[in-house]
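Presented below is the structure to which this report refers.
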Amino acid sequence: MGSIVLLGEDNFGCYSASILEIERLSFITPWGEDAFRGEMANRYSRLWAYISDNQVCGYICFWQILDEIHLLNLAVHPKRRENGIGGFLLNEMIMVSNKDGGRIAWLEVRPSNKKAYGLYTCAGFIEVGRRPHYYSDTGEDAILMSLDLKATEYTAPGRLYLGSQAGDGTAYSNNIKIETQRNNY
């Protein structure tokens, strides 16, 4: 069983080495610690880590501003990919946005990142445009994708529905524990 932990200044140090390792293994131009800390200081930003067997397996960072969300960063450790962790994190972001009255979700993805593009398409995102030469490291365009959260109830393929509430601020979804309060260890 895994859990999602909300990260902030109070607990980021416990997870930062693992998150930075995953970031370096996942991206051509990885974020540094300052970028993650900057996001934690942003009141609109959410940073979650997926923890299993006392290890960070993946994370997601997104902005939640009024009725919109914007996915900034999603990565899973290469040894833990193809196990549904990325889809789970994405689905939980969408579910939280829906619960909070979200209307639309946005993201950019490299055309060369076929796996991420496939994940987003399976989640219901559609291509709505391109940002020419968006990625300064390669000059690659960004595919702009959106998901209309109000078109229909979110039921993308593989959706993990929340099960019963435990009554202690914890929810369970397909045997994955969701920590709804910060974990301070």
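The values are calculated or read from the model by the stated rules, or taken from the named source; none is laboratory data. Quick caveat, the model's predicted, so the values are computed rather than measured. Don't worry about glycine lacking a Cβ; one is built from the backbone with ideal geometry, like all the others, and counts go over all protein chains shown.
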Does any residue in the stretch 68-90 that is among the polar types (S, T, N, Q) come within less than 8 Å, Cβ to Cβ, of a residue that is part of a helix (DSSP H, G or I) six or more places away or on a different chain, and which pairs are these? Asn73/Glu23
Considering only strands (runs of 3 or more DSSP E) wholly within the stretch 1-85, the ones with at least 2 residues that are under 19 Å from Ser97 (Cα atoms) and of a type in the set (Ser, Thr, Tyr) are 45-52
Only one residue in Ile65, Ile126, Ile60 is without any contact (Cβ under 8 Å) to a residue 60 or more places away in the chain and more than 23 Å from Ala49 (Cα to Cα), so which one is that? Ile126
Quick one: in the stretch 132-166, of everything that is exposed (fewer than 12 other Cβ atoms within 10 Å of the Cβ) and of a type in the set (D, E, K, R), which residue is modelled with the highest pLDDT? Asp137
Go through (1) at pLDDT 90 or above; (2) in contact with a Cys (Cβ under 8 Å, 6 or more places away or on another chain); (3) surrounded by fewer than 19 Cβ atoms within 10 Å (Cβ to Cβ) for Ser112 and report which single condition fails. (2)
Check Gly102, Gly2, Gly118, Gly58 and return the single one that is touching a Gly at 6+ places or on another chain (Cβ under 7 Å) and either within 30 Å of Lys150 (Cβ to Cβ) or of a type in the set (Phe, Trp, Tyr) (or both). Gly58
Which members of the stretch 1-18 meet the condition of being farther than 21 Å from Gln64 by Cα and touching a helix residue (DSSP H, G or I) at 6+ places or on another chain (Cβ under 8 Å)? Gly2, Ser16
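Condition check ((1) under 24 Å from Ser136 (Cβ atoms); (2) surrounded by fewer than 20 Cβ atoms within 10 Å (Cβ to Cβ)) across all residues:
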residue: Ile19; (1), (2): yes, no
residue: Arg46; (1), (2): no, no
residue: Ser52; (1), (2): no, yes
residue: Ala75; (1), (2): yes, no
residue: Lys79; (1), (2): no, yes
residue: Gly86; (1), (2): no, no
residue: Ile94; (1), (2): no, no
residue: Asn98; (1), (2): no, yes
residue: Gly102; (1), (2): no, no
